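Shown next, in structure tokens, is the structure this report addresses.
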Amino acid sequence: MDILSWFRQKSKPAERSENRTMLRPVAPRPKIWAIGGGKGGVGKTLVTSSLGIFLASCGKRVLIVDADFGAANMHTIFGINGSKTSLSNFLKGEVLDFSNLIVESGVMNLDLACGQKDSLDVADINEKGISMLRTALFRAPYDYVLLDIGPGTGASHLDLFLTAETGLLVTSSEPTSVENSYRFLKCLFLRKMRNAVNDSDHSVLKDALHRLFTNNWSQRVKTISDILQQLKLMDPQNGTLLDELMGGMKIGIIVNSASGAVDTGFGPSMERACADYFGVGIAHIGDIARDERVSESVRLKKPLVLHAPESEAAMALKKCFSKLVSSEERVSDRTSKGMVI
Ligand SMILES: Nc1ncnc2c1ncn2[C@@H]1O[C@H](COP(=O)(O)OP(=O)(O)O)[C@@H](O)[C@H]1O
Ligand SMILES: [Mg+2]
């Protein structure tokens, strides 16, 4: 899917309803971008820290939220100590003011909400905690909030990822990473479907899906696309509703070759496979080469794009982000002029 069409996809209905319920005029809420993936060590933190610095250098106010529960280390990448309280304290209701988690990153325009010093039961975060975080993020006085989400398909990770209007999936082309990425996407879309039908407004849709899974058709339902297609055949109105609910999030793939050579054919083939399997447009944003300067920068506790801005990996990251931001700006520019996109 080309990147402009990808940005032109509708925004999430959930965000529109959030805005509708506001009683007072508020500043535009920040754009929330999530960076995740099924596997650890594939470069999610590298992508998040580099994207934060890139956006901040464009004059945007940026907050990075270290949401890698239990293994948060964004503060180390920036070479700072972090905050006294952690994201887990907020999620468990021990700290009520989200701003208490925020510290300066040392880079102009860029702050961090730190997750270090997590309590040991941090993995037990419930939906209420995630909902509180979502509310705090929508009110945060930034242009962009970037969520660095930990690996795996836990419900809290998926729900956090679904909070964003734009999601970046970081993967390598190694079979283990590919397997985990597809699994992550499958769990993400099923979770999105579950969240959509659990919404009380959509009880009819819930019934329709229940019928779909309990009648003979369920044997033919193998992919997320199958579910949508079969539901449309069975109940066109609810099928279209679910299609709309599922299509609201933009997901891009960044292939980071953390431990091997770049396979340039991999991103486009993953893009095609995702379209077939999930029936949702997922854009391949770009490839990052394996580069020794990355681990060098981690050891020096200085973000790669500041430590070695001319390195191959830093240049490739910049290319990905420029592509993302310029496509986003072109689309919103045309929207604000009233053109249909
Ligand atoms: N493009 C790359 N080239 C070389 N090493 C990399 C690259 N990307 C990541 N790494 C190595 O992998 C480690 C894990 O990266 P990180 O961004 O922390 O992954 P994640 O957040 O997905 O767990 C880094 O500390 C670095 O040593
Ligand atoms: Mg990480």
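The values are calculated or read from the model by the stated rules, or taken from the named source; none is laboratory data. The structure presented is a predicted model; accordingly, all values stated were derived computationally and were not measured. Note that each Cβ is placed from the backbone with ideal geometry, even for glycine, and that neighbours are counted across all protein chains shown.
Descriptive notes on the structure:
- Among the candidates I64, I80, I130, I149, the residue that is buried (at least 22 other Cβ atoms within 10 Å of the Cβ), β-branched (V, I, T) and either closer than 19 Å to V305 by Cβ or free of Cβ contacts under 8 Å to residues at least 60 places away in the same chain (or both) is uniquely I64.
- Here the condition is being surrounded by 22 or more Cβ atoms within 10 Å (Cβ to Cβ) and touching a residue at least 12 places away in the same chain (Cβ under 8 Å); of S173, S156, it holds for S156 alone.
- Cβ-Cβ contacts under 8 Å between residues 6 or more apart (or on different chains), taken from a first residue in region 34-46 that is over 14 Å from S173 (Cα atoms) and in contact (Cβ under 8 Å) with a residue 12 or more places away in the chain to a second residue that is of a type in the set (F, W, Y) and more than 8 Å from ligand 2 (Cβ to nearest atom), are listed as A34/F161; G36/F161; G36/F184.
- Every condition in (1) surrounded by fewer than 21 Cβ atoms within 10 Å (Cβ to Cβ); (2) modelled with pLDDT of 80 or more is met by M270 except one, and the failing one is (1).
- Failed item, numbered, when V255 is tested on (1) under 23 Å from A273 (Cβ atoms); (2) of a type outside the set (S, T, N, Q); (3) modelled with pLDDT of 80 or more; (4) surrounded by fewer than 19 Cβ atoms within 10 Å (Cβ to Cβ): (4)
- Those residues of region 259-272 which are in contact (Cβ under 8 Å) with a residue 24 or more places away in the chain and under 20 Å from the mean Cα position of the chain (by Cα), in sequence order: M270, E271
- Unique match (being under 21 Å from K31 (Cα atoms), modelled with pLDDT under 90, touching a strand residue (DSSP E or B) at 6+ places or on another chain (Cβ under 9 Å) and away from ligand 2 (no atom under 16 Å from the Cβ)) among E328, E244: E328
- Comparison of V204, V170 shows that the only residue that is at pLDDT 90 or above and either over 23 Å from the mean Cα position of the chain (by Cα) or under 29 Å from K31 (Cα atoms) (or both) is V170.
- Within region 187-200, residues that are buried (at least 16 other Cβ atoms within 10 Å of the Cβ) sit with their Cβ atoms under 8 Å from residues that are among the hydroxyl-bearing types (S, T, Y) and at pLDDT 75 or above, at 6+ positions apart or across chains, in these pairs: C187/T153; L188/T153.
- Looking only at region 46-96, and only at residues there that are in a strand (DSSP E or B) and aliphatic (A, V, I, L, M), the one that is nearest to ligand 2 (Cβ to nearest atom): A67
- When the helices (runs of 4 or more DSSP H) confined to region 256-331 are screened for residues that are more than 11 Å from ligand 1 (Cβ to nearest atom), those reaching at least 1 such residues are found at 266-278, 304-307.
- Residues in region 55-66 that are in contact with a Phe, Trp or Tyr (Cβ under 6 Å, 6 or more places away or on another chain) and either hydrophobic (A, V, I, L, M, F, W, C) or within 12 Å of ligand 1 (Cβ to nearest atom) (or both): 3 in all.
- All positions within region 107-127 that are exposed (fewer than 14 other Cβ atoms within 10 Å of the Cβ) and at pLDDT 90 or above: M108
- Residue check for V103: among the β-branched types (V, I, T), within 21 Å of R134 (Cα to Cα) and touching an Asp or Glu at 6+ places or on another chain (Cβ under 9 Å): yes
- Residues in region 67-89 that are more than 20 Å from W33 (Cβ to Cβ) and modelled with pLDDT of 90 or more were compared, and the one that is farthest from ligand 1 (Cβ to nearest atom) is I80.
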